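Here is the structure we will look at, set down as structure tokens.
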Amino acid sequence: MSHAVDVIRAKRDGRRLSDAQVDWVVDAYTRGLVADEQMAALAMAIYLNGMDDAETARWTRAMVRSGTTLSLDVGRPTVDKHSTGGVGDKITLPLAPLVAACGAAVPQLSGRGLGHTGGTLDKLESVPGWRARLSEDEVTAQLRDVGAVVCAATEGLAPADRKLYALRDVTGTVESVPLIASSIMSKKIAEGARALVLDVKVGSGAFMKTEERARELARALVSIGVDHGLEVSALLTDMSVPLGRAVGNAVEVAESVDVLRGGGPADVVELTVALAAEMLSRAGITADPAAVLASGEAYETWARMIRAQGGDPEAPLPEGAHRHVVEAAEDGVLTGLDAYAVGVAAWRLGAGRARKEDPVQAGAGVLCLAKPGDEVRRGQPLLELRTDTPDAVAGALEALEGAYGIGGSAPARPPLVIDTIRG
Ligand code: URA
């Protein structure tokens with residue numbers, strides 16, 4: 001048995017923690033035997049002095065063991081995807097049914113949005129009747145029948161992470177690569193999929209603003225996955241401009257349905273197909289996701305997935321009652337559109353929440369009617385803001401000040417998929 005103070009001192013002084021110390025402190029904290037102030041001090045020491053790959057893997061294992069793990073014996077190879085979060089990142093919605101239509105089982109236990117990035121559950125809850133909460137038996141049954149499930153993570157998965165994440169949030173210790181990587185991977189490993197593809201976003205709308213930091217996180221995530229015997233890859237993808245044209249809840253569902261019906265913006269289609277191809281390869285399935293998307297089978301799987309959770313895939317989606325259009329002030333080419341600013345604007349319009357318990361508006365959001373590189377004419381609509389609360393428009397417009405420019409030509413952009421790191 002260790003003492004919390006000894007563990008804190010060891011990390012404070014830059015020493016590595018032993019497996020026994022990691023196991024003890026994570027377990028004791030989960031059970032309330034280590035106080036919040038002690039874990040806060042340890043989290044800060046980890047933030048400042050880091051953890052090596054083996055310590056981080058052990059920390060992750062201890063968090064997985066703090067709760068239950070799903071055993072997904074569903075008769076198909078299981079493969080999951082996790083995105084570190086971005087603006088307009090609705091990719092889970094077309095991706096899960098597409099990969100299921102190709103023969104895999106995709107358990108997507110997701111979260112709600114906080115801050116400028118939206119949450120998959122918030123988006124899906126704009127579908128009339130759809131319910132996020134499923135029991136473990138319902139998850140397994142749906143994976144067998146439909147092949148894809150997107151639902152709320154059950155309380156029992158990695159409870160140590162839930163407690164620690166809340167503490168990190170209020171102690172300035174979120175932005176630590178070993179703590180972020182172990183937090184993400186503990187939940188994914190507890191979900192029980194055998195293969196995992198991570199979409200690590202880079203740019204203004206992402207958690208990691210620079211490629212260097214994003215690569216560091218991607219490597220840490222892949223290293224933990226390998227240590228736990230997963231087939232794991234990470235794609236580094238651009239998040240300097242919003243993904244697609246829609247940013248919000250119902251508007252992102254509508255755009256995802258367009259993709260599933262064979263249309264939709266080129267960047268959303270490209271990333272959906274790239275992630276699907278990597279997921280299928282890691283799951284050992286030979287299929288052509290672009291062809292399956294074009295065939296309409298992925299849409300059929302989407303409709304079954306929505307119905308299985310009480311939703312009506314054909315019902316009209318809510319639309320914000322009030323609309324405000326931002327027009328181009330001159331002729332030219334749109335030179336940029338800052339993802340972070342658009343994310344904040346959508347959030348202020350009511351699509352996101354400031355505190356976990358806040359409600360979100362299903363119909364609120366931003367439609368990006370022009371994207372960088374598009375030619376625009378004076379007076380042409382660039383952005384459409386939607387909300388049920390017209391008072392929110394001023395704050396959204398303030399967030400968008402300086403977020404886009406019109407000039408002679410647009411600067412070259414990085415490729416959407418910057419790199420792939422395989423474990
Ligand atoms: N997302 C998580 O799940 N955990 C973190 O620590 C950061 C982002």
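A short reminder: the numbers here are calculations on the coordinates, not readings from a lab. Here the structure is a predicted model, which is why all the values come from computation and not from measurement. All Cβ positions, glycine included, derive from the backbone under ideal geometry; neighbour counts span all protein chains shown.
Quick look at the values:
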| read-out | value |
| --- | --- |
| Any hit, segment 52-60, residues being over 19 Å from D19 (Cα atoms) and either in contact with a His (Cβ under 7 Å, 6 or more places away or on another chain) or of a type outside the set (S, T, N, Q) (or both) | no |
| Test: residue in segment 121-140 that is within 16 Å of the ligand (Cβ to nearest atom), in contact (Cβ under 8 Å) with a residue 24 or more places away in the chain and either more than 19 Å from the chain's Cα centre (by Cα) or within 23 Å of L179 (Cα to Cα) (or both) | no |
| Selected residue [within 12 Å of the chain's Cα centre (by Cα) and touching a residue at least 40 places away in the same chain (Cβ under 8 Å)] from G86, G115 | G86 |
| Test set (1) assigned to a loop (DSSP other than H, G, I, E, B); (2) in contact (Cβ under 8 Å) with a residue 12 or more places away in the chain; (3) more than 23 Å from the chain's Cα centre (by Cα) - P414 fails condition number | (3) |
| Residues that are of a type in the set (A, V, I, L, M) and in a loop (DSSP other than H, G, I, E, B), drawn from segment 396-411 | A403, A410 |
| Every pair of residues 6+ apart whose Cβ atoms lie under 7 Å, when the first sits in segment 173-187 and is closer than 10 Å to I46 by Cα while the second is more than 8 Å from the ligand (Cβ to nearest atom) and of a type in the set (S, T, N, Q) | P178/T56; L179/T173 |
| Options D199, D161: the member that is surrounded by 23 or more Cβ atoms within 10 Å (Cβ to Cβ), within 29 Å of T301 (Cβ to Cβ) and within 16 Å of the ligand (Cβ to nearest atom) | D199 |
| Looking only at segment 378-399, and only at residues there that are of a type in the set (D, E, K, R) and loosely packed, with under 14 Cβ neighbours inside 10 Å, the one that is nearest to V247 (Cα to Cα) | E398 |
